[in-house]
1. Of the conditions (1) of a type in the set (A, V, I, L, M, F, W, C); (2) assigned by TED's automatic domain parsing to the domain that holds LEU116; (3) in a loop (DSSP other than H, G, I, E, B); (4) touching an Asp or Glu at 6+ places or on another chain (Cβ under 8 Å), LEU188 fails just one. Which one is it?
2. Go through (1) surrounded by fewer than 21 Cβ atoms within 10 Å (Cβ to Cβ); (2) within 25 Å of SER36 (Cα to Cα); (3) touching a strand residue (DSSP E or B) at 6+ places or on another chain (Cβ under 8 Å) one by one and return the number of the condition ALA246 breaks.
3. Hey, any hits in region 186-193 for a residue that's at positive phi and surrounded by 15 or more Cβ atoms within 10 Å (Cβ to Cβ)?
4. Across region 245-259, what is the total count of residues that are basic (Lys, Arg) and touching a Phe, Trp or Tyr at 6+ places or on another chain (Cβ under 6 Å)?
5. Name the residue, out of PRO255, PRO250, that is assigned to a loop (DSSP other than H, G, I, E, B), over 17 Å from the mean Cα position of the chain (by Cα) and not acidic (Asp, Glu).
6. Confirm whether ALA98 is within 26 Å of the chain's Cα centre (by Cα), among the small types (Gly, Ala, Ser) and not in a helix (DSSP H, G or I).
7. Do any residues in region 121-137 that are crowded, with 17+ Cβ neighbours inside 10 Å have Cβ atoms under 9 Å from those of residues that are of a type in the set (Phe, Trp, Tyr), where the two are at least six apart or on different chains, and which pairs are they?
8. Considering (1) modelled with pLDDT of 95 or more; (2) farther than 17 Å from THR84 by Cβ; (3) in a helix (DSSP H, G or I); (4) in contact with a Pro (Cβ under 9 Å, 6 or more places away or on another chain), say which one CYS131 fails and leave the rest.
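The values are calculated or read from the model by the stated rules, or taken from the named source; none is laboratory data. Given the structure is predicted, the values throughout are model-derived calculations rather than measurements. Using ideal geometry, Cβ is built from the backbone for each residue, glycine included, and neighbour counts are taken over all protein chains shown.
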Amino acid sequence: MVHFSRKILSNGLRVLVHEDRSTPLVAVNITYDVGSRDEMADKTGFAHLFEHLMFAGSKNVKDFDDPLQRAGGENNAYTTNDYTTFYEILPAANIETALWLESDRMMALSITQKALAVQRKVVVEEFKETCLNEPYGDAWHHLSDLLYKVHPYRWPVIGLSPEHVENATIEDVRAFYQSWYCPNNAVLCIAGNIDVPTAEELAEKWFGNIPARVVPPRNLPVEPPSQAPLRLEVKANVPVPAVYLAFRMPARLDPAFYPVDLLSDVLAQGQSSRLYRRLLREKQLFSQIDCYVTGNTDPGLLVIEGRPVDGITPDQALAAIWEELEILRAAPIETRELQKIQHRFESTVVFSETSVLNKAQNLAFYEVLDRAELMNDETATYLAVTPEQLHQTAQTLFQPNNSATLIYVPT
């Protein structure tokens, strides 16, 4: 159980505080409710570009990293389809350094031609390095395009094409900042060696005078159900063949999300999981195999990916995966197997709560998603899932018409 307080400032900034006296540190986390799904189809990659631009300087801070390093802290950021997060962790005595830095770039980010040119180049190079020049690096471009036709999840976080970032104008970038990077579209979480009244007082001091802005309404199109199996074969400069089998799944807040998430653990969580044990160790059909869910705010994906061993064709590998999925569709799993997965999940949650940074980030994530209280409630939801629910979910989820297959073939 993670105890926290919540205070909403007059400008709409939600301030969550968790007191933890077991550490000399404090974590400061700001999550903005904006991700790649909020971009326009001809201007993708902007949310990720802003992850970089937010470190390019603001009105009173020319170098973001230097003051933080001198205060004994470190920082980072990441972007998803649904939200963008920035965080610092530093000695509790120096918390105001982090609050000053974050408030200054929320209020007055320096979006200059020079800063844009530098960060644009960095992002384009990252696109080329991770997507165009890395084996299987464009897998999410293909999977997103296969499974989404109208929803903005049809492009990955890094963007559809590097040209979208290359062609970004200063007016485009400033408009994106004005629309989304404001206190009434953000959550500030402070976790660590600080009491609640002090933390709330400091939040008011550094953020209270930042004016709220009008946030654009989010009217995202609903992706229609797929009517047939989808398949794409890509010839590429990859060392070995690879297969991806993806299924559309419910949104993060849908009650049906939880059994799907547990099914991904049944399939590929640990060396005793079904795909790893049967297809990699016993039958030796794969050199590696994994299964995971995207956990998106809107309906997302369950993805199985693997690399067949030499002599096994992609279609043979896929047939073996489908055979395992049919077993899950045929009959409920044993209670003991499900309980093992549930207890492993519970222990992972408990372990993650030993870090003040994890607690700050999780509180912010759940607050943006719905409400931070959900962070404490979800473990019970996972533990309440039954074998029968998993069976029903498998029957609905693992259907050919709900699937997309991506195959990489070495040139």
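1. That leaves (3) as the condition not met.
2. The failed condition is (1).
3. Within region 186-193, the subset at positive phi is 192.
Among the residues that remain, those that are also surrounded by 15 or more Cβ atoms within 10 Å (Cβ to Cβ) are: 192.
So far as region 186-193 goes, yes, one or more of its residues are at positive phi and surrounded by 15 or more Cβ atoms within 10 Å (Cβ to Cβ).
4. Let us first name the residues in region 245-259 that are basic (Lys, Arg), namely 248, 252.
Checking the rest, the ones that are also touching a Phe, Trp or Tyr at 6+ places or on another chain (Cβ under 6 Å) come to none.
Residues meeting the conditions: 0.
5. Values: PRO250 fails: over 17 Å from the mean Cα position of the chain (by Cα).
Every option except PRO255 fails the conditions.
6. Details: within 26 Å of the chain's Cα centre (by Cα): yes; among the small types (Gly, Ala, Ser): yes; not in a helix (DSSP H, G or I): no.
Criteria not met by ALA98.
7. CYS131/TRP140; TYR136/TYR244; TYR136/TYR408
8. Exception for CYS131: condition (1).
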